[in-house]
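Working notes, structure below.
The values are calculated or read from the model by the stated rules, or taken from the named source; none is laboratory data. In this text the structure is predicted, and so the values were computed from the model without any measurement. Counting neighbours? That spans all protein chains shown, and the Cβs are built from the backbone with ideal geometry, glycine included.
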Amino acid sequence: MIDFWLAAGLLLLVALSFLLIPVLRHRRAQLEEDRTALNVALYQERVAELQTQQEEGVLDAAQMDAGRAEAARELLADTEDVAAPRVSRLGKPAPLLAAILVPVLGLGLYLHFGASDKVELTREFSQAPQSMEEMTRRLERAVAAQPESAEALYFLGRTYMTQDRPGDAAKVFERTVAVAGRQPELLGQWAQAQYFADGKKWSDKIQALTDEALKADPKEVTSLGLLGIAAFEGQRYQEAIDYWNRLLEQLPPEDKSRIALQGGIARATEKLVASGGKVAPAPVAKAAALLKVRVDLAADLKAKVQPGDSVFIFARATSGPPAPLAAKRLTVADLPATVELGDADAMMPQLKLSNFPEVQLVARISRAGKPTAGEWIGRSQPLASSTTAPQTLTIDSPDK
């Protein structure tokens, strides 16, 4: 912060110079006024001396006039370079008072409204922390300075978890969800922290968090891992194996946590067999969904649309997030047309057709090119995402 305050001090000196220059100019003007007053006094003294000499008869009238004229010329010569005095409406103390108040008010306003704490945090984060405790302190100050920063809250929660402080982590993740929204990953982190904060006791709250996370993203890794742990602790070994197998499918081959996860599956298998149970075969992976749909325009609408109008064709879950699961874009000139909507057209990796059992097909005409609003629309009845038979969709209704 030293360089920051040095720069602020230099700027303050520049500002003060504009206030102090009038004061210095006033002092110079005062000196000039004092010199002029002395010259006038000398002139008056010379004139009085000439008058005395005239009264004593030493000088006649002509000599008196000549002497007075000479004294006047000397006075003019001494004062001709002196500028006319300028009167300040603010008075003499005003610039000095302003020179004192400006830095005091400036410092006070900066300390109240400024961001010196954020400047200091930026400088700190530019250097690597020397310990985990130092990183924690930095993140805590960052959260205090920026309470609406979801990133700072998230990393602070993760740091608390690495320090075995699940209670603090749960509170931080709850705040993160309030700031960033109920994203599946955040819900999973919150549920995990709450589970360990409650002494590894499952609760309705934790169940609701994991259910919500997996409903939005069936492949949310933290929730899958947590459900596997809870099932293992509750001696529900088959459930633990199923959850961990699902998690294993999401991890890349080079992920180091795969070894620990496979070890957990092996221990759960041993305990299940030892208790007289039998490991159920792994469910067959879902085939990628692929819907074929032929889109056409109702006959009475053909005269009301233009060839360049956009046509958005998409599938969305009948029960789930409102975002499209797969989408294609055409124009009215392309109709009628047959398109395919599948997992490869997913708008987001976690929102695939195959992740939702039932979907609805929608086709919308938008003259403005907006997929969320248009003039005409066509909707299908709900159908299974595994449907293989070709579908027909007709755009025939106003989009309300």
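Does Thr394 qualify as being in contact (Cβ under 8 Å) with a residue 24 or more places away in the chain and either closer than 18 Å to Lys328 by Cα or assigned to a strand (DSSP E or B) (or both)? Against the criterion (in contact (Cβ under 8 Å) with a residue 24 or more places away in the chain and either closer than 18 Å to Lys328 by Cα or assigned to a strand (DSSP E or B) (or both)), Thr394 qualifies. Is it the case, given these coordinates, that Asp309 is of a type in the set (Asp, Glu) and in contact with a strand residue (DSSP E or B) (Cβ under 7 Å, 6 or more places away or on another chain)? In short, yes. What residue, among those in segment 251-262 that are in a helix (DSSP H, G or I) and either at positive phi or touching a helix residue (DSSP H, G or I) at 6+ places or on another chain (Cβ under 8 Å) (or both), is surrounded by the most Cβ atoms within 10 Å (Cβ to Cβ)? Step by step, filter segment 251-262, then rank; the result is Leu261. Scanning segment 194-236 for residues that are of a type in the set (Ser, Thr, Tyr) and surrounded by fewer than 23 Cβ atoms within 10 Å (Cβ to Cβ) yields Ser203, Thr222. Contact map, segment 340-359: first residue of a type in the set (Ser, Thr, Tyr), second residue surrounded by 15 or more Cβ atoms within 10 Å (Cβ to Cβ), Cβ cut-off under 7 Å, separation 6 or more or different chains; pairs are Ser354/Ala289; Ser354/Asp343; Ser354/Ser385. When you look at Leu156, is it in contact with a Leu (Cβ under 6 Å, 6 or more places away or on another chain) and assigned by TED's automatic domain parsing to the domain that holds Asp211, yes or no? Against the criterion (in contact with a Leu (Cβ under 6 Å, 6 or more places away or on another chain) and assigned by TED's automatic domain parsing to the domain that holds Asp211), Leu156 qualifies. Against the criterion of being closer than 16 Å to Thr372 by Cβ and either of a type in the set (D, E, K, R) or surrounded by fewer than 19 Cβ atoms within 10 Å (Cβ to Cβ) (or both), Ala323 qualifies. So which residues in segment 205-231 are under 18 Å from Ala323 (Cα atoms) and part of a helix (DSSP H, G or I), if there are any at all? Result: Glu212, Ala213, Leu214, Lys215, Ala216. I'd like to know if segment 304-314 contains one or more residues that are more than 41 Å from the chain's Cα centre (by Cα) and farther than 25 Å from Ala363 by Cα. There is no residue in segment 304-314 that is more than 41 Å from the chain's Cα centre (by Cα) and farther than 25 Å from Ala363 by Cα. Scanning segment 337-384 for residues that are small (Gly, Ala, Ser) and under 22 Å from Val311 (Cβ atoms) yields Ala337, Gly342, Ala344, Ala346, Ala363, Ser366, Ala368, Gly369, Ala373, Gly374, Gly378, Ser380. Which residues, counting only those in segment 243-259, are hydrophobic (A, V, I, L, M, F, W, C) and within 18 Å of Gly188 (Cβ to Cβ)? The answer is Trp244, Leu247, Leu248, Leu251. Scanning segment 170-228 for residues that are in contact (Cβ under 8 Å) with a residue 60 or more places away in the chain and in contact with a Ser or Thr (Cβ under 8 Å, 6 or more places away or on another chain) yields one hit, Pro184.
Please determine, by comparing only the residues of segment 156-193 that are closer than 21 Å to Phe232 by Cβ and surrounded by fewer than 22 Cβ atoms within 10 Å (Cβ to Cβ), which one is nearest to the chain's Cα centre (by Cα). Looking at the filtered set, the residue picked out is Met161. Among the conditions (1) assigned by TED's automatic domain parsing to the domain that holds Val362; (2) touching a residue at least 24 places away in the same chain (Cβ under 8 Å); (3) aliphatic (A, V, I, L, M), the only one that Ala299 does not satisfy is (2).
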